[in-house]
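Worksheet for the structure shown next.
The values are calculated or read from the model by the stated rules, or taken from the named source; none is laboratory data. This one's a predicted model, so the numbers in the text were calculated from it and none came from an experiment. Cβ placement follows ideal geometry from the backbone for every residue including glycine, while neighbour counts extend to all protein chains displayed.
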Amino acid sequence: MILKLKYLKLLLIPIVLLITGCNNENTKEKDQSEKKEKERNHEDERPHEVALTEEQMKVMGIEIEKLNYQNISGYIRANGEVTINPDQESKVGSIIAGRVGKIYVKEGSYVRGGQTLAIIENPELINVQVEFIHSKNEYEYSKLEYERQLKLNRDNIGSKKILAELESNYKKALANYKTHGEKLASYKISKSRFDNIYEDTSEANLQRYYAITSPISGNVVKRNVTVGQYVEPSTDMFHIVNTSTVFVDLNVFEQDLPYISVGQKISLDVSVNLYEVYEGKVTYIDKIFDDEKRTVKVRASINNKREKLLPFMFVSAKIYINQESVLAVPISAIEAEGEIKYIFVKTNEAKEIDEHGEEEHKKEEEKNNENEHKKEIGIVFKKILINTGISDDKYIQVFPIEGLSRGGEIVTKGTFYLKSELQKSELEHHDH
């Protein structure tokens, strides 16, 4: 019996330890949860307002203006990048397989539309021309025979059966002649070179190469072949781009989209050339919304005759809009911390302000509060987060994230000092 009790005690020890450990773990998790909750509450308690006396407002140069609607004939700012106009870009290849005989251009060369870039050699070219000559001879012979028999029948001399056979042969020869003529044209070989073939019976004037020509004027940005290389019709031999006109794809925020329409004028700010003016028009507004960026792509066509704008270059643009009456503030009223923008609003609240600094406050405490602190009443200014919209050189549209309405009093000058006072309050808040 005693042995059984000893074994029972040994079994109970690990169970008790396990339960104790679980309780300790739950206690730790609870403490951590409470700590995080306190931190969140502490963060929410960060100061978003500043109180100033009238004297301080004068010293800081604080100026106040009522929030109102403004008629803005301004612009919306948007960022984006330069892209190639697809109608001014071409990847050039050969329609027949063959070996590259000569190349007449290099990377960077400017070429005109129709200019020969290279030539392809292929024996198939000879066969195509010989077949055309045979079809031409057959057509001309059958035509003569048909016309001769047709004349005999008109004179009631010829046979209708023979006429029908000759007419059938003539139509077949005509169709064959046209087919081979179109094939010849696709190889860029002129039919006129065979017009006088029977006047010079010594040798037919056959073309032994196929010319690769440029379909557009522009610069050769890539050459993918060398002399002697065998190419297939799927091979892109040259890449040609004309950048005299380019597109700019801009990212426009959703709140600005109602002010954008096709045909609006835009101008670009380009960091590489601050003195060059690039202008264009909106040509397309995308029908798909980018949920990640919260923007819509707006495309504009830009005149780039001097070709200083290069594809994939980043740019900033002004999209000019018609006059709009919008809730707006002076540009000087806007303050920012990173991508967060805000303004300061004068409230109807009042707050006591301790004129003494923190050090003086401690000294007075050491004197067992022999003198009361001198207090003054200050006007409270509140920080209001905003988004911005259209702008001109003076005013900018605002979309308040918090409560703000027409007629409210906002700070238009001296916001930097209010921002500094707010940051000072935040530091004191963290110290406590």
Per the filter on region 219-239, residues in contact with a Lys or Arg (Cβ under 8 Å, 6 or more places away or on another chain) and of a type outside the set (Gly, Ala, Ser) are Val220, Arg223, Val227, Gln229, Tyr230, Val231, Asp236, Met237, Phe238, His239
Log entry, pairs with first residue in region 205-216 being in the same structural domain as Ser190 (by TED's automatic domain parsing), second being of a type in the set (Asp, Glu) and modelled with pLDDT of 90 or more, beta carbons closer than 7 Å, six or more apart or on different chains, reads Arg208/Glu121; Tyr209/Glu121
Could you grab me the full set of residues in region 242-283 that are farther than 15 Å from Ile76 by Cβ and among the polar types (S, T, N, Q)? Asn242, Thr243, Ser244, Thr245, Ser271, Asn273, Thr283
Could you go through region 78-87 and let me know if any residue there is surrounded by 15 or more Cβ atoms within 10 Å (Cβ to Cβ), in a loop (DSSP other than H, G, I, E, B), in contact with a Pro (Cβ under 9 Å, 6 or more places away or on another chain) and not acidic (Asp, Glu). no
Criterion: of a type outside the set (A, V, I, L, M) and surrounded by fewer than 17 Cβ atoms within 10 Å (Cβ to Cβ) - qualifying residue of Lys136, Lys151: Lys151
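Every residue, every condition in (1) at positive phi; (2) modelled with pLDDT of 90 or more; (3) more than 60 Å from the chain's Cα centre (by Cα), yes or no:
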position: Leu144; (1), (2), (3): no, yes, yes
position: Leu163; (1), (2), (3): no, no, yes
position: Thr179; (1), (2), (3): no, yes, no
position: Tyr187; (1), (2), (3): no, no, no
position: Phe194; (1), (2), (3): no, no, no
position: Thr201; (1), (2), (3): no, no, yes
position: Pro215; (1), (2), (3): no, yes, no
Those residues that are out of contact with any helix residue (DSSP H, G or I) (no Cβ under 9 Å at 6 or more places or on another chain) and either part of a loop (DSSP other than H, G, I, E, B) or not assigned by TED's automatic domain parsing to the domain that holds Ile96 (or both), I need them from region 178-189; list them, please. Lys188
Go through (1) surrounded by 11 or more Cβ atoms within 10 Å (Cβ to Cβ); (2) at pLDDT below 70 for Lys374 and report which single condition fails. (1)
Give just the number: which of (1) out of contact with any helix residue (DSSP H, G or I) (no Cβ under 9 Å at 6 or more places or on another chain); (2) surrounded by 15 or more Cβ atoms within 10 Å (Cβ to Cβ); (3) not in a strand (DSSP E or B) does Ser261 not satisfy? (2)
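Having 3 or more residues that are more than 30 Å from Tyr417 (Cβ to Cβ) is the bar; report the strands (runs of 3 or more DSSP E) wholly within region 284-347 that clear it.
295-303, 314-320
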I need every pair where a residue in region 152-177 that is farther than 25 Å from Phe132 by Cα and in the same structural domain as Asn137 (by TED's automatic domain parsing) has its Cβ under 8 Å from the Cβ of a residue that is of a type in the set (Gly, Ala, Ser) and not in a helix (DSSP H, G or I), sequence separation at least 6 or different chains. Leu152/Gly158; Asn153/Ser159
If Val111 satisfies all but one of (1) at pLDDT below 90; (2) in contact with a Gly (Cβ under 9 Å, 6 or more places away or on another chain), what's the number of the condition it fails? (1)
Kindly evaluate Lys281 against the criterion of being surrounded by 16 or more Cβ atoms within 10 Å (Cβ to Cβ) and either part of a strand (DSSP E or B) or touching a helix residue (DSSP H, G or I) at 6+ places or on another chain (Cβ under 6 Å) (or both). no
Checked against (1) crowded, with 17+ Cβ neighbours inside 10 Å; (2) assigned to a strand (DSSP E or B); (3) among the charged types (D, E, K, R), Asp256 satisfies every condition except (2)
